[in-house]
Amino acid sequence: MELKIRKILVSQPKPSTEKSPYYDIAEKYGVEVVFRPFIKVESLPVKEFRGQRINILDYSAIIFTAKTAIDCFFKICEEMRIQIPETMKYFCISESIAVYLQKYIIYRKRKIFFGSTGKIEGLIIPVGKHNKETYLVPVSDIHKDDLLHLLDAKRINYTKVTMYRTVSNDFTDKEPFDYDLLLFFSPLGIASLTKNFPNFEQNNIIIGSFGPTTAKAVKDAGLRLDIEAPNEHAPSMTAALENFLKSASKNGKK
């Protein structure tokens, strides 16, 4: 198989700074890197949210594990014309997510709490100290239950509510799909690829994946997996990509 890699698609949002390793790789190997997610997150329509029969104002505290959850929570509140009282308490998985609340509320540290580790185990500590609150936990339609299990173990009074979902970020007819190498980070990305391009033929296109579930999705779709991360030589996707390009360059095939 002859390799001619000029254009790489990274199925993630564009980095917020120019310090991403992907930019270093692009300059070093003379390739174009395009950030174009195959999936996107959208808030639930109000009609679907109402179907869960959740009254947000019945709760005294909200638990946020992602900025996306914050955006979708306040979007639904705005669409439903719900005024969140100043007495509401917010518990966030990390300080950066807590600070993100400033986009929607006046930041008052006495009503905003966050874990010190950035992990759910750290979040449970401040939640446990306020075990008399009634918590609302916004989640995606596809989510892990690790946090919920910890809340159950602490006998926290909480309600899970679906506020957003992950959907395919469809390509338009005018959007060129002329990539030589595709990088995926979730099984949903592979599902979006096959949805957007039902007649997709891999041929010489290189496919890379991060994580075992994504690797399995690539293979289950009948595609060839050329780059798999993490591995013993590359803990990250960028490291695996660079190793692949380095090898291709030595062989005179890039």
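The values are calculated or read from the model by the stated rules, or taken from the named source; none is laboratory data. Just so you know, these numbers come straight off a predicted model, no measurement behind them. For neighbour counting, all protein chains shown are included, and Cβ atoms are generated from backbone atoms with ideal geometry for every residue, glycine included.
Of everything in segment 19-41 that's without any contact (Cβ under 8 Å) to a residue 60 or more places away in the chain and of a type in the set (A, V, I, L, M), which residue is surrounded by the fewest Cβ atoms within 10 Å (Cβ to Cβ)? So the residue we want is Ala26.
Restricted to segment 140-196, and to residues there that are in contact with a Phe, Trp or Tyr (Cβ under 7 Å, 6 or more places away or on another chain) and part of a helix (DSSP H, G or I), the residue that is surrounded by the most Cβ atoms within 10 Å (Cβ to Cβ) is Ile190.
Filtering segment 54-68 to residues that are under 24 Å from Thr166 (Cβ atoms) and modelled with pLDDT of 95 or more leaves Ile54, Ile56, Ile62, Ile63, Phe64. For segment 209-216, the count of residues that are in a strand (DSSP E or B) and either under 15 Å from Val10 (Cα atoms) or in contact (Cβ under 8 Å) with a residue 40 or more places away in the chain (or both) is nonzero.
Entry remark, segment 56-75: residues being within 20 Å of the chain's Cα centre (by Cα) and part of a helix (DSSP H, G or I) number 9 in total. Within segment 42-55, can you find the residues that are of a type outside the set (S, T, N, Q) and either in a loop (DSSP other than H, G, I, E, B) or crowded, with 18+ Cβ neighbours inside 10 Å (or both)? Hits for segment 42-55 are Leu44, Pro45, Phe49, Gly51, Arg53, Ile54. Do we have any residue at all in segment 35-47 that's modelled with pLDDT of 95 or more, more than 30 Å from Ala240 (Cα to Cα) and acidic (Asp, Glu)? No, segment 35-47 contains no residue that is modelled with pLDDT of 95 or more, more than 30 Å from Ala240 (Cα to Cα) and acidic (Asp, Glu). Residue-level check: of (1) surrounded by fewer than 16 Cβ atoms within 10 Å (Cβ to Cβ); (2) at positive phi, Gly211 misses just (1). Could you say whether any residue in segment 103-122 is assigned by TED's automatic domain parsing to the domain that holds Pro85, closer than 30 Å to Ile207 by Cα and surrounded by fewer than 16 Cβ atoms within 10 Å (Cβ to Cβ)? No, there is no match, as no residue in segment 103-122 is assigned by TED's automatic domain parsing to the domain that holds Pro85, closer than 30 Å to Ile207 by Cα and surrounded by fewer than 16 Cβ atoms within 10 Å (Cβ to Cβ).
Within segment 128-136, identify whether any single residue is among the β-branched types (Val, Ile, Thr) and surrounded by 13 or more Cβ atoms within 10 Å (Cβ to Cβ), and answer yes or no. Looking through segment 128-136, none of the residues is among the β-branched types (Val, Ile, Thr) and surrounded by 13 or more Cβ atoms within 10 Å (Cβ to Cβ).
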